[in-house]
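Read the figures in this text as sums done on the coordinates, not as results from a lab. Quick caveat, the model's predicted, so the values are computed rather than measured. Counting neighbours? That spans all protein chains shown, and the Cβs are built from the backbone with ideal geometry, glycine included.
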Amino acid sequence: MISVCPQEPAVIKFLSGLGNIKFFGKLYLMSKEQIIERADELLKLLGLYDNRKRLAKGYSGGMLRQLSLIIALINDPEILFLDEPTVGMDPRNRRKVWELLDSIKQKKKTIILTTHFIEEAEALCDRVAIIDYGKLIAIGSPKKLIEEHEVKNLEEVFMKITGRRILEGI
Amino acid sequence: MKVKRILAVVKMETIRIFAEPLTLVFTLLLVPVFILIFGLTMGSNYGWHEDYTIFEIMVPGLLAYGCLLTILDVASSVAGGRELGLQRRINTTPLTSTEYISSQIISYTIKPLLQLLLGLGMALIVGYRPANTAVGYLLVIVFLVILTFCCVGLGLITATFAKSAGGASGLAFIFIVPQQIFATFIPPEFMGAGTFKWIFPSFYATDGLGLIFAGTPLTDSRIWIRLGILFAISIVIYVIGIFVYEKNKNK
């Protein structure tokens, strides 16, 4: 089973946070008990539990993204597509998401993550693909890429292989 | 087709309908307010025919007009969902197009039925006395449900061409206004445009309701022919609606 967390926080604004989770849970034919159990766990993990009954239209940008991520995780998918899931989140909430994604990874589930935060990719990914102007220019584990390019971290790898464009103003 | 999924969408759509009180009040009260105004100002004579009162045309026409507003609701809901990325997200769930559209029909039938209740209630208050039976009222509901079914299809078609909820609301009037003018509460003959009325689904509902309210025996073939034609048109529009929805749902 797959699940997607799109770039825009695609949630139903006139439903509460919990209402959104219940709605999508029902589309996956989950039982009420399963939905509540899973929702409580995820809401607590991401710190949204106290706001679960508030309408989503009152949520901040970061809260909407967290809710969007919870919706994507409600069915406990085997493959999860995340499109910039932590954009607009403060560092604390970003860390919470990282911890959550790491725990999912530990369960041997597949996550395909798109991000502009190189540190996020380095912290979370087993395999990284760097795409520049729509072209795949590097692929491999963060460690392998760092060793290959003889730099300290993945950000430096990125700068090294895409920096020429910046310097040349392309 | 899973009932649980359909009910989940019905519940969500029903909350959406009631989440915007201003829109709800506007759409729900439009029909009874029109009936109140026309009923009080024009009295019992429409002015062009001594056998008919204003109510014979106005009440069935306005009830059908209430259903036409479903086009706007569905179009803005689908286009809005697409604009917010919600449609794409829903597409990744096991919800099928048939389940989705069936749930839309169920949800959007609620409003016309409330309009029927309020509109007819108001008409009775201001003096309308339809020669109708209990079975006749059931048939009135059948007419309105089928017209709503047709309007859901038209709403899905409208949403195909709109990029946003706002755009869809504007485009919906392409389907609403001609039907409103030629085939609901304004008698087409009044404008010398009687020939056009036959092409609009709302005409068959308006005329069918008019016959029922006038006390025409329910065995009269004219009622059933109108119901049959309305049903056939609705099926065609519904199929086109599903087709274009399927084609555009991942846009």
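List of remarks:
- Between helix A:91-106 and chain A: long-axis angle, C-alpha atoms, 0 to 90°, nearest 10: 90
- Taking all Cα pairs closer than 8 Å and separated by 6 or more residues, the relative contact order of chain B comes to 29 percent.
- For the range B:3-248, the number of Lys pairs separated by eight or more positions or lying on different chains, with C-alpha atoms closer than 29 Å, is 9.
- Structural size metrics of the range A:2-114, computed from C-alpha coordinates, are Rg and Dmax of 12.7, 35 Å.
- For the range A:6-52 and the range B:198-251, distance of Cα centres in Å: 39
- Each of B:180, B:119, A:77 was scored by the projection of its Cα onto the charge dipole of the protein assembly as shown, and the greatest displacement toward the positive side belongs to A:77; charges sit on the C-beta of Lys, Arg, Asp and Glu.
- Residue among B:70, B:219, B:206 with the largest mean-square fluctuation in a Gaussian network model of chain B, springs linking Cα atoms under 10 Å: B:219
- The overall shape of the range A:124-170 is oblate: from the C-alpha gyration tensor, with semi-axes ordered a ≥ b ≥ c, the ratio a/c is 1.5 or greater and a/b is no larger than b/c.
- Using alpha-carbon coordinates, inclination of helix B:3-19 to the longest axis of chain B, degrees: 60
- Springs between Cα atoms under 10 Å define the GNM used for chain A, and in it the highest mean-square fluctuation of A:107, A:96, A:22 occurs at A:107.
- Equivalent ellipsoid, the range B:3-248 (semi-axes from 5 times Cα gyration tensor eigenvalues, Å): 32, 18, 17
- Subtracting the Cα-Cα distance of residue A:162 and residue A:144 from 0.36 nm times their residue separation leaves 4.7 nm of extension gain.
- Set of lysines with alpha-carbon distance to residue A:143 below 30 Å, sequence-local pairs under 8 removed: A:96, A:105, A:107, A:108, A:109, A:135, A:152, A:160
- Springs between Cα atoms under 10 Å define the GNM used for chain B, and in it the highest mean-square fluctuation of B:232, B:64, B:159 occurs at B:232.
- Per-residue [θ]222 nm for chain A (sum of -39500 (n - 2.57) over DSSP H runs n ≥ 4, rounded to 500): -15500 deg cm²/dmol
- Our summary gives the range A:2-114 a relative contact order of 37 percent, counting only alpha carbon pairs under 8 angstrom and 6 or more residues apart.
- Computed over neighbours whose Cβ is under 15 Å from that of residue A:94, the net charge equals -3, Lys and Arg +1, Asp and Glu -1.
- Partners for residue A:13 among aspartates and glutamates (Cα-Cα distance below 17 Å; same-chain residues under 8 apart left out): B:13, B:20, B:73, B:83
- Relative to the longest principal axis of the Cα atoms of chain B, the long axis of helix B:134-161 makes an angle of roughly 40 degrees.
- The charge dipole of chain B, taken about its Cα centre with unit charges on the Cβ of Lys, Arg, Asp and Glu (plus for the first two, minus for the last two), comes to roughly 1160 debye.
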